[in-house]
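Report on the following structure.
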Amino acid sequence: MRRLLSIITISLIACLMLCSCGKANGYKKKDLVTVNDNAGHESILAFVVDYNEGKDITVKIKNNTDKVFCYGEYYTIQVFIEGVWYYVPYTSENVVHDLGHELQPGQAYTQTYSLYPYGGKLNPGHYRIACCDIGDGNNIYYAEFNVMADMSLKWEIVEPTADG
């Protein structure tokens with residue numbers, strides 16, 4: 001009886017370990033890559049202002065500096081799991097316009113980012129969109145949001161967005 005109990009216990013522990021190694025927040029752990037962005041350091045505010053479920057997220061970018069802010073359309077969606085930010089894996093190719101934009105001091109602009117490269121939906125969890133990149137992974141600004149269990153999106157303005 002004792003031996004049977006030991007075998008069952010070992011089997012349960014092995015099953016739990018195998019199951020926990022497979023997924024995190026609905027994403028395959030083997031597909032998760034730790035974020036290595038370089039956050040911007042200027043007084044640029046980025047925050048989510050709209051969410052079209054399954055299609056896109058709109059972010060407002062505001063230049064709170066006294067100089068022209070130049071930014072691009074490159075972006076990534078990142079998920080916060082167990083104290084670490086990871087890039088959400090693509091399910092299809094992410095294509096953006098390789099353009100530079102200028103934002104005058106005090107001005108704001110909204111930019112819409114597609115969820116198509118991420119399968120059109122995000123699993124419940126805490127996320128951020130890393131935006132304003134010109135393609136070199138530097139000067140990134142973040143807009144954080146939560147995807148709830150009912151797949152609705154909740155967000156709040158987070159200041160500053162740099163060094164997130």
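The values are calculated or read from the model by the stated rules, or taken from the named source; none is laboratory data. All of these numbers come straight from a predicted model, not from anything done at the bench. Neighbour counts run over all protein chains shown; Cβ positions are idealised from the backbone, glycine included.
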Residue list for segment 65-90, restricted to those being closer than 25 Å to Asn146 by Cα and assigned to a loop (DSSP other than H, G, I, E, B)
Glu73, Glu82, Gly83, Val88, Pro89, Tyr90
Of all residues making up segment 80-102, the number that are under 15 Å from Thr34 (Cα atoms) and either in contact (Cβ under 8 Å) with a residue 24 or more places away in the chain or not assigned by TED's automatic domain parsing to the domain that holds Gly125 (or both)
10
The condition of being part of a loop (DSSP other than H, G, I, E, B), modelled with pLDDT under 95 and in contact with a helix residue (DSSP H, G or I) (Cβ under 9 Å, 6 or more places away or on another chain) holds, among Glu93, Glu159, only for Glu93
Check on Asn123, assigned to a strand (DSSP E or B) and either closer than 15 Å to Gly26 by Cα or of a type in the set (Lys, Arg) (or both)
no
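Each row is one residue, and each column tells you yes or no for (1) surrounded by fewer than 20 Cβ atoms within 10 Å (Cβ to Cβ); (2) among the polar types (S, T, N, Q); (3) touching a strand residue (DSSP E or B) at 6+ places or on another chain (Cβ under 7 Å).
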{"residue": "Glu42", "(1), (2), (3)": "yes, no, yes"}
{"residue": "Val48", "(1), (2), (3)": "no, no, yes"}
{"residue": "Glu53", "(1), (2), (3)": "yes, no, no"}
{"residue": "Ile57", "(1), (2), (3)": "no, no, yes"}
{"residue": "Lys67", "(1), (2), (3)": "yes, no, no"}
{"residue": "Thr76", "(1), (2), (3)": "no, yes, yes"}
{"residue": "Glu82", "(1), (2), (3)": "yes, no, no"}
Suppose we filter segment 58-79 for residues that are within 19 Å of Gly40 (Cβ to Cβ) and either within 14 Å of the chain's Cα centre (by Cα) or without any contact (Cβ under 8 Å) to a residue 12 or more places away in the chain (or both); how many remain?
6
